[in-house]
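The values are calculated or read from the model by the stated rules, or taken from the named source; none is laboratory data. This is a predicted model, so every value here is computed, not measured. Positions of Cβ are backbone-derived with ideal geometry, glycine not excepted, and every protein chain shown enters the neighbour counts.
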Amino acid sequence: MITCQLTKLESALDQLKKSYPKLKPADAALLASALTLTGRHAQAVYEDQHYSWPEDFEKLTKAMVAQLQIVQEGIETSTPKRAAKSTAEEEPVNVNVGLAPNLAAGEKLLEDRNDLKAVLSEALQKGVEFVYAGIDIGWQWALDRANWSTIAGQEMSRRIRIKCSFTEGAVGVEMGTSSPKKRASRKVVAIAPEPEMDPEPEIEIEGEGALSE
């Protein structure tokens with residue numbers, strides 16, 4: 001299985017070189033770009049229908065309205081009115097959308113290179129693990145920014161989250177949601193003492209921690 005990190009094209013290139021050592025460097029680079037596109041432009045799979053991004057945005061969102069309305073009704077029924085102000089602190093309600101690698105997007109980049117198209121198809125058939133952040137996938141990016149209240153014609157809870165994940169032809173690992181394969185080594189950073197030029201006492205200010213996605 002080839003691991004393709006969508007934020008690092010060079011990682012896909014290294015994987016392809018190992019799996020297909022006879023590829024010329026230029027061909028391997030072109031193939032790596034095509035493989036990355038099959039993940040970034042992955043097709044949405046919803047109720048056994050495939051939707052391409054971005055041209056099928058309206059079709060998919062309309063198809064999802066009925067389910068979202070059911071989810072919204074469930075939220076309203078289970079949430080007491082007196083607790084409405086605290087709903088933002090409650091756990092999100094996920095609505096799942098599948099993803100499938102978009103072979104056509106990769107083949108379009110390869111144009112008339114039928115030899116590379118065959119390799120791309122073979123690589124996908126053997127299995128690809130896409131490693132990505134939410135903004136790397138076109139459908140996740142688009143559905144996160146959809147105005148569902150306008151699309152559904154009614155107020156929709158902000159607790160409703162659309163979760164896209166690979167379900168056909170590939171494995172997906174979203175960075176920040178799964179345990180990393182390799183743990184980062186612990187490093188001790190020595191902080192140099194400040195020069196004793198200022199007679200005023202030092203004031204320690206605690207910095208804010210990094211925000212997690």
Quiz prompt | Selection status of Ala12, in contact with a strand residue (DSSP E or B) (Cβ under 7 Å, 6 or more places away or on another chain), of a type outside the set (Phe, Trp, Tyr), modelled with pLDDT of 95 or more and surrounded by 17 or more Cβ atoms within 10 Å (Cβ to Cβ) | solution = no
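Touching a residue at least 12 places away in the same chain (Cβ under 8 Å) and closer than 14 Å to Glu107 by Cβ: which single residue out of Leu37, Leu23 fits that description?
When all the criteria are applied, what remains is Leu37.
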Quiz item: Which ones in segment 135-152 are within 18 Å of Glu58 (Cα to Cα) and either without any contact (Cβ under 8 Å) to a residue 60 or more places away in the chain or aromatic (Phe, Trp, Tyr) (or both)?
Solution: Trp139, Gln140, Trp141, Asp144, Arg145, Asn147, Trp148, Ser149, Thr150
Quiz prompt | Condition broken by Gln140, with the remaining ones in (1) surrounded by fewer than 20 Cβ atoms within 10 Å (Cβ to Cβ); (2) modelled with pLDDT of 95 or more; (3) in a helix (DSSP H, G or I) satisfied | solution = (1)
Exercise. Being in contact with a strand residue (DSSP E or B) (Cβ under 9 Å, 6 or more places away or on another chain) and surrounded by fewer than 12 Cβ atoms within 10 Å (Cβ to Cβ) is the filter here, so list the residues in segment 105-126 that pass it.
Key: Lys126
Quiz item: Applying the selection to segment 147-164, what residues are surrounded by 17 or more Cβ atoms within 10 Å (Cβ to Cβ) and over 11 Å from Pro92 (Cα atoms)?
Solution: Trp148, Ala152, Met156, Cys164
Quiz item: For segment 3-32, which residues satisfy the criterion of being within 27 Å of Ile162 (Cα to Cα) and either part of a helix (DSSP H, G or I) or acidic (Asp, Glu) (or both)?
Solution: Leu9
